Amino acid sequence: MTSTMPSPAPTTAFTATPALPAILGTYKRQAPLFVRGDGVYMFDEHGKKYLDLVAGIAVTSLGHNDPGVMNAMQEALATGLIHTSNLYRTAPGEALAQWFVDHSFASSVFFANSGAEANEGAFKFARRWAKGTGHAAKHEIIAVRGSFHGRMPGTLAATDRPAYRLPFRPLMGGVTIVERELDELRTVLDPETAAAVIVEPIQGEGGVRVVDPEFLRGVRELTRERNVLLILDEIQCGLGRTGSFFAHEQIGIVPDMLTIAKPLANGLPIGAILVNDAVARAMQPGDHGTTFGGGPLLAHVAHHVVQRLSDPAMLQHVRETGAWFGEQLQGIADRTGQVRAIRGKGLMWGMDVHEPAAAIIGRAFEKGLLLVSAGEHTLRFLPPLVITKDELAAGLAILEAAMQA
């Protein structure tokens, strides 16, 4: 019997439309395919070597193919226990949490999968804590000018990047961005409505701007006075990046919550919220959750990484090498006349340039140097913390050539 069903449309019916990449096009990726990493270098499919001054955006602080990290991964894999969910206890997650409790202000730790999730969770924690203060309207989250806290609904509302925010309005309510001025903060920080203030000690995406320590001390005093939580976002500037394990250690303040992520497992996805006793007591079973956060593989590797990044010798290396690096950047500025400003601390630096940063990044890429921007006219330098002065000097020579090309 002959079928009366219509023939299916040809599979080539849509060939007139340009093919889309299999990975959603939210990033403008460089053309070469990277296939290998070793130390402070990455290698593409053609064998070309690139000096990495990006470190996966402040993630691979111990560099690529680090023997200690690789060994920690193998140790974790050898157990056969990669994932259990948070329905069950595992030793690596508990050991990592206890390490943070022993080495920080925190009484408890919540593990997430990323920095944005850590900040989003911290907003929830702040509002949960606020419900117990007796003020029914206490829920507002206050961020400051130049901030970047993530791209999820709550964190995007606290991120001061109009281009990131505009396509997704209306943003989550109850979040306000104010100037980095104590007088303005005093005006908006109502103890009956404000739950938390969130600040980055160094604003990475916001142009590598070192927030004034006196401002941060004033924020801590004001939030304590008005019974408002202080959240410090050290996702990019924490874990050794500035020359102390936590960036706030150099400022002499203690937050109520601290969010960390990027280098925590040197490339494996893990973030964390460190909380004090008051916040920990406010949270109840079922208030928040995560399927993957703090899993045994990630936690075991992270435990190895934090011990390395907190080593006094490592932190001294970051301080000394970072100070030297800043001097070298100033030398380039003096010789080229193409630099408007240089800012930074440790191994986290920004350089404002006259021409678009993307142009310099492109020329440097062709010469084998990986850089990233922090705004249209700001070059950002986030090398692995294990990098040597000789390796940095090689990168600086390429940078100067790219700036003068």
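The values are calculated or read from the model by the stated rules, or taken from the named source; none is laboratory data. Keep in mind that what you see is a predicted model, and the values were worked out from it rather than measured. Cβ atoms come from the backbone with ideal geometry, glycine included; neighbour counts cover every protein chain shown. These area figures cover heavy atoms from the full protein model, side chains too; ligands, DNA and RNA do not enter into them. Shrake-Rupley method; radii C 1.70, N 1.55, O 1.52, S 1.80 Å.
Out of (1) in contact with a Gly (Cβ under 7 Å, 6 or more places away or on another chain); (2) at pLDDT below 95, the odd one out for G322 is which?
Status for G322: all satisfied but (2).
Enumerate the strands (runs of 3 or more DSSP E) found wholly within region 316-398, keeping only those where 1 or more residues are surrounded by 22 or more Cβ atoms within 10 Å (Cβ to Cβ), free of Cβ contacts under 8 Å to residues at least 60 places away in the same chain and among the polar types (S, T, N, Q).
Those strands (runs of 3 or more DSSP E) do not exist here; none qualify.
Are there helices (runs of 4 or more DSSP H) fully within region 85-163 with at least 1 residues that are under 27 Å from T26 (Cβ atoms) and not hydrophobic (A, V, I, L, M, F, W, C)? List them.
The qualifying helices (runs of 4 or more DSSP H) are 115-130, 153-157.
Has region 224-232 got at least one residue that is in contact (Cβ under 8 Å) with a residue 12 or more places away in the chain, open to solvent by 10 Å² or more (accessible area, probe 1.4 Å), out of contact with any Gly (no Cβ under 6 Å at 6 or more places or on another chain) and on the phi > 0 side of the Ramachandran plot?
yes
In this structure, does A112 turn out to be touching a residue at least 40 places away in the same chain (Cβ under 8 Å) and either surrounded by fewer than 16 Cβ atoms within 10 Å (Cβ to Cβ) or on the phi > 0 side of the Ramachandran plot (or both)?
So A112 fails the test.
I want to confirm something. Restricting to region 251-273 and keeping residues that are in contact (Cβ under 8 Å) with a residue 60 or more places away in the chain and within 15 Å of V199 (Cα to Cα), which single residue is nearest to the chain's Cα centre (by Cα)?
I260
Which of the residues that make up region 286-315 are among the charged types (D, E, K, R) and surrounded by fewer than 16 Cβ atoms within 10 Å (Cβ to Cβ)?
D287, D311 - these are the residues of region 286-315 that are among the charged types (D, E, K, R) and surrounded by fewer than 16 Cβ atoms within 10 Å (Cβ to Cβ).
Among the listed residues R180, R186, identify the single one that is open to solvent by 40 Å² or more (accessible area, probe 1.4 Å), at pLDDT 95 or above, of a type outside the set (G, A, S) and closer than 23 Å to R340 by Cα.
Criteria check complete, one pass: R180.
I'd like the full set of residues that are more than 14 Å from N227 (Cα to Cα) and crowded, with 22+ Cβ neighbours inside 10 Å, limited to region 131-146.
A143, V144, listed by residue number.
Return the residue satisfying two criteria in turn: it lies in region 236-261 and is in contact with a helix residue (DSSP H, G or I) (Cβ under 6 Å, 6 or more places away or on another chain) and outside any loop (DSSP other than H, G, I, E, B), and of such residues it is farthest from V306 (Cα to Cα).
M257
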